[in-house]
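Here the structure comes first, spelled out in structure tokens, and everything after it is commentary.
The values are calculated or read from the model by the stated rules, or taken from the named source; none is laboratory data. A quick note: this is a predicted structure, and the numbers were derived from the prediction, not measured. Here the Cβ positions follow ideal geometry from the backbone for every residue, glycine too, while neighbour counts run over all protein chains shown.
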Amino acid sequence: MKKILVTGGTGYIGSHTVVELLKNPDYSIDIIDNLSNSKEHVVDLIAEIAGKKPNFIKGDLLDFELLKSLFEKNDYDIIIHFAGLKAVGESVEKPLEYYENNIQSTINLLRLVRTDKPTDFIFSSSATVYGEQDSPKCVETMQTGTKLTNPYGRTKYFIEEILKDYANTNPNFCATILRYFNPVGAHPSGLLGEDPNGIPNNLMPVVMRTYTGEIPALNIFGDDYDTPDGTARRDYIHVVDLARGHIASLEHSKPGISIYNLGTGLPTSVKEIIAAFEEASGKKLNTNIAPRRSGDLPECWADPSKANAELGWHTELTIADAIRDTLNYLNKQ
Ligand code: NAD
Ligand code: UDP
């Protein structure tokens with residue numbers, strides 16, 4: 001039996017990953033989450049899908065004493081670290097909160113990792129660490145950390161560097177940094193999906209709330225980019241494919257630091273996402289052309305060939321699948 005700690009496991013990506021992890025009868029899972037951006041009820045939904053309930057600890061990773069007692073009671077073989085604050089705009093307003101929450105949480109976990117036996121550690125990083133590059137297709141070998149436009153992105157970059165420094169001190173530390181591109185979609189059961197607290201800023205949640213009428217109109221941030229239709233292009237990956245990327249990473253975990261892009265390798269524009277959603281839902285969305293959003297790149301997508309070759313992982317689901325699953329999730333709410 002392997003003992004796994006999943007931080008942020010009631011969140012969007014964490015919950016989908018726990019469902020995939022529970023398929024392995026040899027995994028015993030503890031989730032720790034402070035519920036700052038998720039709901040405890042998600043644990044029941046995970047159990048409904050997986051037929052098995054993970055243990056849930058409501059707690060904050062900034063509470064070192066709580067974490068310490070958890071590690072004293074449990075000998076974790078694997079730590080999957082999703083927990084973090086992730087709203088780019090909010091990070092500009094509250095930089096100290098972001099630096100403290102995301103970075104200190106990670107340091108607290110690292111202080112408790114054992115050095116006398118192997119620990120697999122997976123960290124949720126982001127394509128944002130690439131910043132602005134000469135090419136929009138991001139490869140793991142590109143230099144990171146330059147021209148980052150917000151504190152959120154910098155927390156991801158700093159944590160990657162902290163993990164590299166820490167790995168030099170612990171030969172039993174098997175860390176995988178996964179750089180996610182743009183996760184979208186929902187679990188095909190319709191039970192799990194993206195349900196952020198507050199006003200969303202990512203494209204798909206805004207599309208969803210425009211569809212339900214909670215947002216009167218979707219602002220398309222810029223239609224004058226040097227792209228085929230003038231709107232910015234990103235690499236949208238189905239959250240279930242992303243979740244499976246974590247399983248593949250665990251199967252190939254090794255000492256030191258391994259870094260992988262998890263994306264499809266295909267760019268899709270804002271207008272293409274809107275058109276695909278309108279076609280699948282049969283409903284026209286209200287949209288406005290708005291100025292470019294500050295800090296946005298025109299284009300950014302993954303070169304996923306390293307994850308394809310080394311992890312044997314490939315995306316299997318399309319944007320159409322993600323939109324179908326999102327609509328199914330919305331209809332079940
Ligand atoms: P999410 O907000 O749905 O999940 C994160 C979870 O962490 C939430 O349930 C929240 O309550 C919890 N959390 C935050 N701070 C905590 C703390 N101090 N202690 C305990 N729990 C805490 O976000 P998500 O979309 O599932 O993202 C998961 C991870 O992936 C994050 O680290 C995020 O930065 C990263 N990521 C997300 C995206 C994306 O677009 N969703 C893209 C790239 C990287
Ligand atoms: N976007 C948009 N309107 C919105 C939200 C996002 O036009 O209300 C655009 C945004 O400018 C970007 C793309 O959608 O070009 C993806 O944005 P998101 O915030 O989801 O991801 P990121 O910019 O972090 O890749």
Exercise. Kindly list the number of the only condition in (1) surrounded by fewer than 23 Cβ atoms within 10 Å (Cβ to Cβ); (2) within 16 Å of ligand 1 (Cβ to nearest atom) that fails for Thr326.
Key: (1)
Quiz item: If you go through the range 276-323, how many residues are surrounded by 18 or more Cβ atoms within 10 Å (Cβ to Cβ) and of a type in the set (Val, Ile, Thr)?
Solution: 3
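Could you check how many residues of the range 115-133 are assigned to a strand (DSSP E or B) and among the aliphatic types (A, V, I, L, M)? Before you say what the answer is, go through the steps one by one.
Filtering the range 115-133 down to residues assigned to a strand (DSSP E or B) leaves 119-126.
Subset that is among the aliphatic types (A, V, I, L, M): 122.
Final tally of qualifying residues: 1.
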Quiz item: Among the residues of the range 199-239, which ones are of a type in the set (A, V, I, L, M, F, W, C), surrounded by 17 or more Cβ atoms within 10 Å (Cβ to Cβ) and away from ligand 1 (no atom under 13 Å from the Cβ)?
Solution: Val207, Met208, Ile215, Leu218, Ile220, Phe221, Ala232
Exercise. Could you tell me which numbered condition Arg179 fails, if it satisfies all but one of (1) within 14 Å of ligand 2 (Cβ to nearest atom); (2) over 18 Å from Thr128 (Cα atoms); (3) not in a helix (DSSP H, G or I)?
Key: (2)
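Okay, residues lined up against (1) away from ligand 2 (no atom under 16 Å from the Cβ); (2) aromatic (Phe, Trp, Tyr):
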{"site": "Lys53", "(1), (2)": "yes, no"}
{"site": "Phe56", "(1), (2)": "yes, yes"}
{"site": "Gly59", "(1), (2)": "yes, no"}
{"site": "Leu62", "(1), (2)": "yes, no"}
{"site": "Lys68", "(1), (2)": "yes, no"}
{"site": "Ile80", "(1), (2)": "yes, no"}
{"site": "Lys86", "(1), (2)": "no, no"}
{"site": "Tyr98", "(1), (2)": "no, yes"}
Quiz item: Looking at the range 196-297, what helices (runs of 4 or more DSSP H) fall wholly within it and have at least 3 residues that are of a type outside the set (Asp, Glu), within 10 Å of ligand 2 (Cβ to nearest atom) and in contact (Cβ under 8 Å) with a residue 12 or more places away in the chain?
Solution: 203-212, 270-281
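Assess whether Thr176 counts as being surrounded by fewer than 18 Cβ atoms within 10 Å (Cβ to Cβ) and either among the β-branched types (Val, Ile, Thr) or in contact with a Phe, Trp or Tyr (Cβ under 9 Å, 6 or more places away or on another chain) (or both).
Numbers: surrounded by fewer than 18 Cβ atoms within 10 Å (Cβ to Cβ): no; either among the β-branched types (Val, Ile, Thr) or in contact with a Phe, Trp or Tyr (Cβ under 9 Å, 6 or more places away or on another chain) (or both): yes.
Here the answer is no, as Thr176 does not meet what is asked.
Within the range 12-40, count every residue that is away from ligand 2 (no atom under 16 Å from the Cβ) and touching a strand residue (DSSP E or B) at 6+ places or on another chain (Cβ under 9 Å). Outline the logic, then answer.
As a first pass, look at the range 12-40 and keep what is away from ligand 2 (no atom under 16 Å from the Cβ): 14-36, 38-40.
In the following step, the residues that additionally are touching a strand residue (DSSP E or B) at 6+ places or on another chain (Cβ under 9 Å) were identified as 14-18, 21-22, 24, 26-35, 40.
So the count comes out to 19.
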Practice problem: State whether one or more residues within the range 105-125 are within 16 Å of ligand 2 (Cβ to nearest atom), under 26 Å from Cys138 (Cβ atoms), within 18 Å of the chain's Cα centre (by Cα) and of a type in the set (Ser, Thr, Tyr). | Solution: yes
Self-check item: The listed residue being modelled with pLDDT of 95 or more and either farther than 30 Å from Lys117 by Cα or of a type in the set (Phe, Trp, Tyr) (or both), out of Lys254, Lys283
Solution: Lys283
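What do you reckon, is Gly185 within 23 Å of Leu311 (Cα to Cα), modelled with pLDDT of 95 or more and within 16 Å of ligand 2 (Cβ to nearest atom)? Give the derivation first.
Details: within 23 Å of Leu311 (Cα to Cα): yes; modelled with pLDDT of 95 or more: yes; within 16 Å of ligand 2 (Cβ to nearest atom): yes.
In short, yes.
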Quiz item: Among the listed residues Glu72, Glu90, which satisfies the condition of being more than 21 Å from Ala232 (Cα to Cα) and away from ligand 1 (no atom under 16 Å from the Cβ)?
Solution: Glu72
Quiz item: Can you tell which of Ala186, Ala175 is touching a residue at least 60 places away in the same chain (Cβ under 8 Å), touching a strand residue (DSSP E or B) at 6+ places or on another chain (Cβ under 6 Å) and over 27 Å from Ala290 (Cα atoms)?
Solution: Ala175
Quiz item: When the range 178-190 is examined, which residues are found to be closer than 30 Å to Ser253 by Cα and more than 8 Å from ligand 1 (Cβ to nearest atom)?
Solution: Leu178, Val184, Gly185, Ala186, His187, Pro188, Ser189
Quiz prompt | Residue check for Lys137: within 16 Å of ligand 2 (Cβ to nearest atom), modelled with pLDDT under 95 and over 18 Å from the mean Cα position of the chain (by Cα) | solution = no
